[in-house]
Amino acid sequence: GEDVEQSLFLSVREGDSSVINCTYTDSSSTYLYWYKQEPGAGLQLLTYIFSNMDMKQDQRLTVLLNKKDKHLSLRIADTQTGDSAIYFCASPNDMRFGAGTRLTVKP
Amino acid sequence: EAGVAQSPRYKIIEKRQSVAFWCNPISGHATLYWYQQILGQGPKLLIQFQNNGVVDDSQLPKDRFSAERLKGVDSTLKIQPAKLEDSAVYLCASSPTGTSGVHTQYFGPGTRLTVL
């Protein structure tokens, strides 16, 4: 099957920007998604981007899509302690998720 | 609007025992999904229902896992017999009628299964 890969850990200081990266292999996806999972909770859709877009901004979140390199990134501006969670990128074509990036925000 | 409900939240069993999980999707949602999330990994789709019919069960280990969605509403996922490697969080999700794609899925809190 197709793969979605992410780095596993990211640690930043409160107020800094966080950038979470993802690479995927399925070029036929219409959308690509970012989900957030807090401890003991189910997944929550954070944002998504259509495959014909390069960038999408939603308040503190910026999604960048490089279709040529099959690279997706999520930037969180002014990261807060409440942003500490695991972030998953996902490709919908076969409901495939990455392994998740654990973001730790230090005060 | 009530979210996706799952029970139990936690279950501990010994290997070779049987276990069942229950999911109540959001009212009116036609599509229901079961995922397995092993510690340190992303969710893996086990089975997808559209109403009470199976759309995709290609990754369901059918020798030990079974799922049903009677009357197209609630669903149960059963493991019989359980193995140590089945220890995971089992997530249920639902999505509205006529839609597809991950972004329309609403996830429940999951059932954490520990097999000893």
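The values are calculated or read from the model by the stated rules, or taken from the named source; none is laboratory data. Remember, predicted model here, so these are calculated numbers, not experimental data. Quick reminder, even Gly has a Cβ in these numbers, built from the backbone with ideal geometry, and neighbours come from all protein chains shown. Ligands, DNA and RNA are excluded from the accessible area calculation, which covers all protein heavy atoms including side chains. Shrake-Rupley method; radii C 1.70, N 1.55, O 1.52, S 1.80 Å.
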Filter segment B:9-29 for residues that are within 14 Å of another protein chain (Cβ to nearest Cβ) and either free of Cβ contacts under 8 Å to residues at least 24 places away in the same chain or loosely packed, with under 14 Cβ neighbours inside 10 Å (or both); the one that is nearest to residue B:86 (Cα to Cα) is B:10
Residue A:23 - would you say it is modelled with pLDDT of 90 or more, open to solvent by less than 50 Å² (accessible area, probe 1.4 Å), of a type in the set (Ser, Thr, Tyr) and assigned to a strand (DSSP E or B)? no
Result of the Cβ filter at 6 Å on segment B:43-70, keeping first residues that are at positive phi and partners that are in a loop (DSSP other than H, G, I, E, B), at least 6 apart or interchain, is B:51/B:30
* Is it true that residue A:4 is without any contact (Cβ under 8 Å) to a residue 60 or more places away in the chain, closer than 24 Å to residue B:95 by Cβ, within 14 Å of chain B (Cβ to nearest Cβ) and among the β-branched types (Val, Ile, Thr)? -> no
| Is it fair to say residue B:78 is within 9 Å of chain A (Cβ to nearest Cβ) and either touching an Asp or Glu at 6+ places or on another chain (Cβ under 6 Å) or open to solvent by 20 Å² or more (accessible area, probe 1.4 Å) (or both)? | no
Checked pairs for segment A:8-20, first closer than 18 Å to residue A:62 by Cα and within 14 Å of chain B (Cβ to nearest Cβ), second part of a loop (DSSP other than H, G, I, E, B) and open to solvent by 80 Å² or more (accessible area, probe 1.4 Å), C-beta under 7 Å and 6 or more apart or across chains, list as none
Matching residues in segment B:30-52 (open to solvent by 80 Å² or more (accessible area, probe 1.4 Å) and either within 11 Å of the chain's Cα centre (by Cα) or among the basic types (Lys, Arg) (or both)) number 0
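Here's the yes/no breakdown for (1) at pLDDT 95 or above; (2) open to solvent by 10 Å² or more (accessible area, probe 1.4 Å); (3) within 13 Å of the chain's Cα centre (by Cα):
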{"residue": "B:82", "(1), (2), (3)": "yes, no, no"}
{"residue": "B:85", "(1), (2), (3)": "yes, yes, no"}
{"residue": "B:94", "(1), (2), (3)": "no, no, yes"}
{"residue": "B:99", "(1), (2), (3)": "no, yes, no"}
{"residue": "B:102", "(1), (2), (3)": "no, no, no"}
{"residue": "B:111", "(1), (2), (3)": "yes, no, yes"}
